[in-house]
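**Student:** Got a structure for you, written out below as structure tokens; questions coming shortly.
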Amino acid sequence: MSKFKKLRREDTRSNSVDSEKLERELFEWANSHGAVTTNIQVVTQDAMRGCIATTDVAGSDMIVHIPSALVLSEAVVAASELGKALLAHEKDHGFVASKTDPAASKVLRFAAFLAFEHFHTENSSFWTPYLASLPKSFETMPIEWPLDQVQSYLGDTNMMFKVVERRKMIVAALEFYNGAILQRLPSLKCVLMFEDMLWACSVLQSRAFSRKWDNDCADMKEDHLTQLCLYPVIDLFNHERGKPVEWDYMNGVTFKLTDGVNKGATIWNNYGAKSNEIFLSNYGFILLNNPDDTATITLNINKRDPRFKERRASLKRHNIPTEHILRRNSSQINESLIAATHILVANGRELSILEATNGIASFLGRLHLLALNTLYVLLNEKVVKIVAGMPAVTAATGRESSVQLVRMRMAQVYRQGQIDVMSHTRKLCLNATQQLLGFTESGANLHFLTLHNPLLSGAVMKAVYDIDDEEEVLDPETVLALVLMHEESLGAASNFHDFFVRTSRSLIEAKEILRYALLRIECILTSCFVQWPS
């Protein structure tokens, strides 16, 4: 067994008799077309379907071989009558399934082919034995959850937005593809249903592999280096993190285990180091304490920002994304995330400097500090929202179905993972801020002026301590404003003279910004022996 416990989906086919019959027909079909499957046997344990070895298999020896004729790939779809019609319709109408996901169109086209072959060929398709052996539904994949459960269990998470967007894409593609079939292939006399496409998309998300296009398919591959493929039988193997596996693509695909397997032992595949968001959304299971967990954070530019176009152009020019991945065990903040935040919070002068530094400006103290603080606040807000949604997945009423309870449990693990990853990055922001401010026992630092920095002249702080401030007019922000004004008035005599020369705004502008603070404390300043700039 994997050392990481999994919450797994159940096989939702009608009963075990049907399941065994369909599995037997799958293997008969595969073997009759050149597959080699004698080393494996399908078993169901704890409501989870998988495979065990029927004999000892040495390391790097063949476990299963599937010939090219049984690989259901994009090339197969592109060569089919339906595939050609859908692609031609897309090109004629400029149809793009998603502006942000360039692979969305080919996935949905593949899904339309699967839906047609499975639901509209009256079991006459070459692929029927394989498609019929697949689960009838994928109840633990969020894309198949009722929308009220998606919103309740996954509210305020990236997963919720991902599910909603995927369903919208399916609806749009469904309408477009049905129009294509009606116009280009009226003889098919079929209309694809939403449930058909949803099932087909779930199949591809949970079972498709990616591989390079064959040389003889160069005219079919569009703009992508790899194509999606379905490998009958091989896709029965479940996931174990870190399991060493080998693939041989000679004359089809051969699956091997680097360490071999003993008779009766479970045969595991390795889906790769993936986050729980990917495992849950694409496969319908989740790992407890997943060390590869991640969270996604998106930085959007406010369209009312007067520098909106300038910031957007800067991000595009430097090829800096607005969507960023946070990792559970990262030792530092994602550099592209920091660069994007610099651009989003920079003032006009700083933006001009960023143009010459590819968005990296850690040497601009004020900007870097503001970026770290902005990220900290943003992450904190997201954590608070995700925590607030926890009761929806932890407080069962006793009326939930078994499937619903599994969904709640998986959503709870997913949400906690998001909290942990974002909290870790939030801590990195705090550590970076403290390092930037040069926190030491003495607090001495010539780059950042704080109230407790011993390099200050001390006049303002002494005056503040001498004042009986019962009404608490002198809050820390006001005191810091007074300190700034006094230090600047000292000119070259201040330890922070270079600081003001490099980072402060003009004296006139500073006076305008602080005018309100002066009005608030005018009555108190009369007792302070401080020289203010005239």
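**Student:** Could you figure out which of (1) of a type in the set (V, I, T); (2) at pLDDT below 90; (3) surrounded by 15 or more Cβ atoms within 10 Å (Cβ to Cβ) isn't true of T397?
**Tutor:** (3)
**Student:** Can you pull out every residue in the range 265-295 that is within 27 Å of L379 (Cα to Cα) and either among the basic types (K, R) or assigned to a helix (DSSP H, G or I) (or both)?
**Tutor:** K274, N276, E277, I278, F279, L280, S281, N282
**Student:** Can you name every residue in the range 48-78 that is open to solvent by less than 20 Å² (accessible area, probe 1.4 Å) and outside any strand (DSSP E or B)?
**Tutor:** L70, V71, E74, A75, V77
**Student:** Sticking with this structure for a sec: From the list V17, V43, which residue is part of a strand (DSSP E or B), modelled with pLDDT under 95 and among the hydrophobic types (A, V, I, L, M, F, W, C)?
**Tutor:** Criteria check complete, one pass: V43.
**Student:** Do we find a residue being modelled with pLDDT of 95 or more, farther than 25 Å from G34 by Cβ and not in a strand (DSSP E or B) anywhere in the range 243-257?
**Tutor:** yes
**Student:** OK, next. Does the range 109-119 contain any residue that is in contact with a Lys or Arg (Cβ under 6 Å, 6 or more places away or on another chain), at pLDDT 95 or above and surrounded by 14 or more Cβ atoms within 10 Å (Cβ to Cβ)?
**Tutor:** no
**Student:** What pairs come out if I take residues in the range 96-122 that are basic (K, R) and pair them with residues that are part of a helix (DSSP H, G or I) whose C-beta lies under 6 Å away, six or more apart or interchain?
**Tutor:** R109/L86
**Student:** Let me ask something additional. Can you tell me which residue within the range 154-188, out of those that are in contact with a Gly (Cβ under 9 Å, 6 or more places away or on another chain) and more than 17 Å from N282 (Cα to Cα), is most open to solvent (accessible area, probe 1.4 Å)?
**Tutor:** D156
**Student:** Separate question: Yes or no: the range 245-262 includes at least one residue that is touching a His at 6+ places or on another chain (Cβ under 9 Å) and open to solvent by 50 Å² or more (accessible area, probe 1.4 Å).
**Tutor:** yes
**Student:** Show the residue pairs that are 6+ apart or on different chains and have beta-carbon atoms under 8 Å apart, the first residue being within the range 482-499 and at pLDDT 80 or above, the second being outside any helix (DSSP H, G or I) and aromatic (F, W, Y).
**Tutor:** These pairs meet every condition: M485/W532; H486/W532; E487/F496; S489/W532.
**Student:** Continuing with the same structure: Which residues, counting only those in the range 76-107, are closer than 23 Å to H324 by Cα and modelled with pLDDT of 95 or more?
**Tutor:** Passing the criteria: none in range.
**Student:** Okay, moving on. Have a look at R426, R505 and point out the one that is modelled with pLDDT of 60 or more and either open to solvent by 30 Å² or more (accessible area, probe 1.4 Å) or assigned to a helix (DSSP H, G or I) (or both).
**Tutor:** Answer to the selection: R426.
**Student:** What pairs can you find where one residue is in the range 363-382 and free of Cβ contacts under 8 Å to residues at least 60 places away in the same chain, the other is buried (at least 18 other Cβ atoms within 10 Å of the Cβ) and not in a helix (DSSP H, G or I), and their Cβ atoms are less than 6 Å apart, with a gap of 6+ or different chains?
**Tutor:** L367/A346; L367/A361
**Student:** Could you figure out which of (1) farther than 24 Å from A69 by Cα; (2) more than 29 Å from the chain's Cα centre (by Cα); (3) surrounded by 21 or more Cβ atoms within 10 Å (Cβ to Cβ) isn't true of N276?
**Tutor:** (2)
**Student:** Let me ask another. For the range 225-237, does any single residue satisfy the condition of being open to solvent by 60 Å² or more (accessible area, probe 1.4 Å) and over 25 Å from A200 (Cα atoms)?
**Tutor:** no
**Student:** When you go through I320, I338, I343, I360 one by one, which is the residue that is at pLDDT below 90, out of contact with any strand residue (DSSP E or B) (no Cβ under 9 Å at 6 or more places or on another chain) and open to solvent by less than 70 Å² (accessible area, probe 1.4 Å)?
**Tutor:** None of the other options fit; the residue is I360.
**Student:** Another question, if that's okay. Return the residues of the range 145-183 that are part of a helix (DSSP H, G or I) and of a type in the set (V, I, T); say none if nothing qualifies.
**Tutor:** Result: V150, V163, V164, I170, V171, I181.
The values are calculated or read from the model by the stated rules, or taken from the named source; none is laboratory data. This structure is a prediction, so every number in the text was calculated from the model and none was measured. Counting neighbours? That spans all protein chains shown, and the Cβs are built from the backbone with ideal geometry, glycine included. Calculation scope for accessible area: heavy atoms of the full protein, side chains included, ligands and nucleic acids excluded. Shrake-Rupley method; radii C 1.70, N 1.55, O 1.52, S 1.80 Å.
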